[in-house]
Structures are given as structure tokens and as C-alpha cells.
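As C-alpha cells, the structure follows; a few thoughts come after it.
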Amino acid sequence: MITEYHVNGGDFTNAGSVSSTVKKMMRQLGVDSTVVKRTVVALYEAEVNIVAHAYRGVVTVDLQPDKIYIKLADEGPGIADIPQAMQEGYSTASVAVREMGFGAGMGLPNIKANSDILNVNSVVGKGTTVEITNNF
Amino acid sequence: MKIDEIIALVEGKLIEGKTTDEEVTKAFASDLMSDVLTIKDASSLLLITGLANMQTIRTCEMSEIRYILFVRGKKVTEEMKELAEENNMVLIETSYSMYKVAGILYANNINPLY
């Protein structure tokens with residue numbers, strides 16, 4: 001089952017609504033609660049990243065019987081140095097993002113820790129694509 | 001410890017949810033939601049935080065945290081209450097500081113998460 005969601009940059013009120021929907025979907029399917037939590041934590045961090053850093057993004061969720069594949073493709077500034085962004089503590093977040101309780105350079109490391117397979121691709125000036133796969 | 005006892009100890013106010021017979025055994029104090037999102041076992045866990053916005057509730061939704069204590073007089077908004085209710089959470093407000101709350105609860109055998 002493939003579903004698609006739109007996320008707007010700067011929209012902190014709704015940040016997390018996609019993750020919430022996906023959580024409900026996974027629960028309805030009876031996916032193991034540990035896998036549900038890992039997936040939604042990774043997805044939520046990635047969703048907040050779009051709100052925090054990009055102009056807009058599309059989240060595509062492919063929920064299969066044995067795994068979930070999530071692609072978050074955003075239009076935004078992109079990431080110049082991905083290995084640097086993957087390090088704990090490195091952040092380019094604004095004051096507004098920090099006031100929301102994020103922006104401490106934990107997002108990508110958190111996503112990695114909670115994904116079975118993680119791919120991050122970025123083109124500076126165009127945007128970033130994050131792909132998360134978790135097996136059930 | 002029961003929620004009612006926690007509320008009494010911190011002179012708190014129950015804003016959302018029901019005080020049940022469920023016990024809180026451990027606590028974690030943070031204003032940084034990314035740190036909260038690293039918590040693996042959130043059962044019987046109380047989150048003590050000075051961050052009062054929608055992302056606090058969203059973070060707890062994803063982390064399966066049911067009990068949140070807002071310190072330093074931070075106020076819960078209607079929007080936050082609605083989302084908390086949807087997720088069967090308990091929200092408490094206190095005017096006490098994070099340090100004071102942590103000290104009181106620690107002295108009353110609420111264990112640290114780490």
C-alpha cells in the first residue's frame with residue numbers, strides 16, 4: 001500500500017502529523033510495537049527536518065506485509081557535507097527550530113539508529129532525499 | 001508512585017487525563033526532544049520538561065511516553081491538550097523549577113532512566 005503526504009517548511013504546528021498517521025497505520029496492521037516505535041521515531045525526526053530546513057517536501061510511504069519503505073524528498077537548501085551532518089552535535093538549525101526542542105544535531109544520527117537501511121542523498125540548492133527501510 | 005502523589009509532591013495541577021492506579025517508576029528530564037526520542041523503554045516513565053509546545057506532545061506520542069510534567073510554570077495550550085487526549089496522556093503543570101522537581105521526585109524513589 002503506497003500513500004503520499006505533503007509537508008510544508010516552517011509549519012511547526014503540523015510537524016509530526018504524517019508520523020502520527022503512519023503510526024496508526026502500522027498499528028492497525030499489527031506490526032510489532034518495537035518496529036513501530038523505531039520507524040515513527042526515525043520518520044518523525046525526518047519530518048521535523050523538512051519543516052526545519054526545507055521549503056516543502058513529499059513523504060511517500062510504502063507499507064508492505066514484511067517491511068516499510070519511506071521516502072522523504074524535499075525542496076530545500078540541501079546538505080553540502082552529509083558525513084558531517086550525520087555526526088552527533090552538528091547542526092545548522094535556526095533559533096525557531098531550537099525553540100521547538102530540536103536542532104541539537106541529533107536528528108540524522110537518531111534516524112540512522114532507528115532505521116534498518118538509511119539512504120541520504122542531497123543536491124545543494126535543490127533538496128534532500130531521505131530513504132528509510134525497516135523490516136518487520 | 002501514583003500520579004496523585006506526584007501532583008501533591010510538586011504542588012502541581014492536573015491539566016489533562018485521568019489519575020489512575022498506574023505507577024510511575026522512573027523519570028527523565030529534558031527540554032531537548034531529540035534526546036527524548038532516544039528513549040527506548042518509556043513504560044511507567046514520567047517526562048519532566050520546560051518545553052511546552054506541540055512538538056513536546058508529538059515527541060511523546062512517537063516515544064510512547066504517557067506522563068508529562070511541565071515545569072517552570074509553562075502552560076499547556078488547548079491544541080496540546082487535544083492531541084494529548086487523543087493519545088491517552090496525562091499532563092501536569094507545576095510552577096516549580098526542573099531542578100526542584102527532579103530533586104523532590106528523586107528523594108521519593110522515582111528512579112532516573114539512566
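None of the figures in this text is laboratory data; all of them are computed from the coordinates on show. None of these values were measured; they are calculated from a predicted model. Every residue, glycine as well, gets a Cβ built from its backbone with ideal geometry; the counts of neighbours run over all protein chains shown.
Considering segment A:2-135, its Cα convex hull presents a mean projected area of 7.2 nm². Among the trypsin sites (Lys or Arg not before Pro) found in segment B:70-101, those both in a DSSP coil and sparsely packed, with 12 or fewer other Cβ atoms within 10 Å of their Cβ, are B:LYS75. Pairwise Cα separations in chain B fall into 10 Å bins from 0 onward with the following percentages, short to long: 15, 55, 30, 1. Per-peptide packing, taken as the mean over residues of other Cβ atoms within 10 Å, places A:82-90, B:29-37 in the sequence B:29-37, A:82-90 from highest down. By the count of other C-beta atoms within 10 Å, a proxy for reagent exposure, B:MET62, A:MET26, B:MET1 are ordered fewest to most as B:MET1, A:MET26, B:MET62. Given in Å, the Rg to one decimal and the Dmax to the nearest whole number for the Cα atoms of the protein assembly as shown are 18.1, 54.
Pairs over the 32 Å Cα-Cα cut-off, from the set A:LYS112/B:LYS2; B:LYS2/B:LYS74; A:LYS112/B:LYS13; A:LYS71/B:LYS74; A:LYS37/B:LYS74; A:LYS67/B:LYS2: A:LYS112/B:LYS2; A:LYS112/B:LYS13; A:LYS71/B:LYS74; A:LYS67/B:LYS2.
With bins 5 Å wide starting at 0, give me the P(r) of segment A:42-90 over every alpha carbon pair, in whole percents. Per 5 Å bin, starting at zero, the Cα-Cα P(r) for segment A:42-90 comes out as 5, 17, 23, 26, 16, 8, 5, 0 percent. Report relative contact order for segment A:2-135 in percent, whole number only (criteria: Cα-Cα under 8 Å, sequence separation at least 6). With pairs under 8 Å counted, the relative contact order is 27 percent. Of the residues A:ARG98, B:ARG66, the one with the fewest other Cβ atoms within 10 Å heads the list, and the complete ranking is A:ARG98, B:ARG66. Between A:ILE50, A:GLY125, A:MET26, the Cα set farthest toward the positive side of the dipole of chain A (charges on each charged residue's Cβ, about the Cα centre) is that of A:MET26. Our helix-only sum for chain A, with -39,500 (n - 2.57) per DSSP H run of n ≥ 4 divided by its residues, gives a mean residue ellipticity at 222 nm of -10500 deg cm²/dmol. Relative contact order, whole percent, for segment B:3-112 stands at 33, derived from Cα pairs under 8 Å and 6 or more residues apart.
Each residue in A:HIS6, A:HIS53 was given a count of other beta-carbon atoms within 10 angstrom of its own, and listing them fewest first yields A:HIS6, A:HIS53. Mean residue ellipticity at 222 nm from the helices of chain B, using -39,500 (n - 2.57) per DSSP H segment of n ≥ 4 over the full residue count, to the nearest 500 deg cm²/dmol? For chain B, the value works out to -9500 deg cm²/dmol. The angle between the Cα long axis of helix A:33-53 and the longest principal axis of the Cα atoms of chain A comes to about 30 degrees, rounded to the nearest 10. Counting only Cβ charges, +1 for Lys and Arg and -1 for Asp and Glu, the dipole size of chain B around its Cα centre is about 400 debye. Counting only alpha carbon atoms, the long axis of helix A:17-28 and the longest principal axis of chain A meet at about 20°. Averaging the Cα positions of each part gives two centres, and for segment B:83-114 and segment A:46-60 these lie 31 Å apart.
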